[in-house]
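What follows is a structure written as structure tokens; I'll ask about it next.
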Amino acid sequence: MTPTQPDALIHAVALTDLIRRMFEAAGWTPREAMLAADHLVLANLSGHDSHGVGMVPRYMHSTARGLLRKGSPLTTVLDAGALLTLDGGMGLGQVVGHDAMLLGIARAQMHGVAVLSLRNAHHLGRIGHWGEQVAAAGLVSIHHVNVIGRPALVAPWGGTQARFSTNPLCIAIPRGDDPPIVLDFATSRIAHGKTRVAWKRGEPVADGNLLDPGGHPTSDPAVMWTEPLGALLPFGEHKGYGLSFVNELLAGALGGAGTLPGRTDWGVIDNNMLSILIDPSRLGGAESYREETERLIRWVRETPTAPGVDRIRIPGEPERETRVRRGAGGVPIDPTSWGEIVDCAVTLGLDRAAVAALAGASA
């Protein structure tokens, strides 16, 4: 399992322009195409290649099958002031999620808090993106996500077969003019998309992350992409499993979206998300909120470091550091995924030579 070619390195600006043009060529409006391109490239810049531009060929395949719908079909199912239930109509998640957060932000600013249930959105991408959007408006947010419409991927703690998807959790906390605190993780030990990246690169994943179809430990990512499927393991043993379980209920059951065992139309990434948005200026501790946040950060940073660790980082910092590094050196894309992107662009009418020439155009 050794890659035969080096990664392509693409300048972020050029990559964003390419992805935007691909979505426009496929029939999305310029606004929708730009929201999708910005989101996907930022995921790559942040080091989350599993949720980045490598997803575009899958999106186009879902569109061709009628599983991903063009336009922004976001509709309101329930409007009860601080409570909103929205239906994404299986529209492009990067657009549906953005517009849903705009509605939630407005309600939280009006009422001090908003509870928003979003259902039937095509793949919402990196959930930290939505936490960052809300934090930029000065609001705290908590996001619980489940995935229906495709086979289970993650085994419950102690089990040997998958029963959940990766069911991420995100919590984002603003810090005024400073970068926000962003906790964003899948409840599996690794994201499902990371097995795709490893599989495309011909690399094993670390031990302790996967089970083969027989329920035995394996490091081969192919077990998550070829039949019969294996399973991811939950992070933190029973703790990650417990979080996955409650995310399934909060995102899927509470707003009427549905849980994974209730769906049989496999083949689509159907995301549901429960978001809680809070205006910190409206709570009793608002006066000390910023001071206490910075006090805690200083306290944590003063922790003596373990051997090999340069400094203590707060949630969200590793992604921001990766953005700086990749922004300067280019976004790496494994050769298989890059070939799929080029082929997809050509089917949409873009020039193969011009697209392929972007490889190696690092900053």
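The values are calculated or read from the model by the stated rules, or taken from the named source; none is laboratory data. Keep in mind it's a predicted model, so treat the numbers as computed, not measured. For neighbour counting, all protein chains shown are included, and Cβ atoms are generated from backbone atoms with ideal geometry for every residue, glycine included.
List pairs: first in the stretch 63-81 and over 11 Å from His122 (Cβ atoms), second in a loop (DSSP other than H, G, I, E, B), Cβ under 7 Å, 6+ apart or cross-chain?
Sorted first by the residue in the stretch 63-81, then by its partner, the pairs are Leu74/Gly88; Leu74/Gly89; Thr75/Gly89.
Just one of Gly149, Gly138, Gly112, Gly128 is closer than 20 Å to Leu42 by Cβ, touching a residue at least 24 places away in the same chain (Cβ under 8 Å) and either buried (at least 24 other Cβ atoms within 10 Å of the Cβ) or out of contact with any Phe, Trp or Tyr (no Cβ under 6 Å at 6 or more places or on another chain) (or both); which is it?
Just a single option satisfies the conditions, and that option is Gly128.
Would you point out which residue out of Leu296, Leu274, Leu350 is outside any helix (DSSP H, G or I) and surrounded by fewer than 19 Cβ atoms within 10 Å (Cβ to Cβ)?
Numbers: Leu296 fails: outside any helix (DSSP H, G or I); Leu274 fails: surrounded by fewer than 19 Cβ atoms within 10 Å (Cβ to Cβ).
Among Leu296, Leu274, Leu350, only Leu350 is outside any helix (DSSP H, G or I) and surrounded by fewer than 19 Cβ atoms within 10 Å (Cβ to Cβ).
Go through the stretch 204-239 residue by residue and tally those that are closer than 30 Å to Thr85 by Cβ and surrounded by fewer than 22 Cβ atoms within 10 Å (Cβ to Cβ).
Total satisfying the criteria: 2.
Next up: Do the conditions hold for Ala36, that is, is it free of Cβ contacts under 8 Å to residues at least 60 places away in the same chain and crowded, with 23+ Cβ neighbours inside 10 Å?
It is true that Ala36 is free of Cβ contacts under 8 Å to residues at least 60 places away in the same chain and crowded, with 23+ Cβ neighbours inside 10 Å.
Which one is nearest to Gly159 (Cα to Cα), of the residues in the stretch 241-292 that are in contact (Cβ under 8 Å) with a residue 40 or more places away in the chain and among the aromatic types (Phe, Trp, Tyr)?
So, considering only residues that are in contact (Cβ under 8 Å) with a residue 40 or more places away in the chain and among the aromatic types (Phe, Trp, Tyr), the one nearest to Gly159 (Cα to Cα) is Tyr241.
Can you report the number of residues in the stretch 56-69 which are in contact with a helix residue (DSSP H, G or I) (Cβ under 7 Å, 6 or more places away or on another chain) and not in a helix (DSSP H, G or I)?
We begin by selecting, within the stretch 56-69, every residue in contact with a helix residue (DSSP H, G or I) (Cβ under 7 Å, 6 or more places away or on another chain); these are 56-57, 60, 68.
With the extra rule that they be not in a helix (DSSP H, G or I), the set shrinks to 68.
Of the residues in that region, 1 qualify.
Now, a different point. Please work out which residue is farthest from Glu340 (Cα to Cα), limiting yourself to the stretch 187-202 and to residues that are at pLDDT 95 or above and assigned to a loop (DSSP other than H, G, I, E, B).
Going through the qualifying residues, I end up with Thr187.
Condition (residue is among the small types (Gly, Ala, Ser), under 25 Å from Leu102 (Cα atoms) and at pLDDT below 95) applied to the stretch 257-276: is it met by at least one residue? It would help to see each step written out before you state the result.
First, pick out the residues of the stretch 257-276 that are among the small types (Gly, Ala, Ser): 257-258, 262, 267, 275.
If we keep only those that are under 25 Å from Leu102 (Cα atoms) too, we end up with 257-258, 275.
If we keep only those that are at pLDDT below 95 as well, we get 257-258.
Yes, some residue in the stretch 257-276 is among the small types (Gly, Ala, Ser), under 25 Å from Leu102 (Cα atoms) and at pLDDT below 95.
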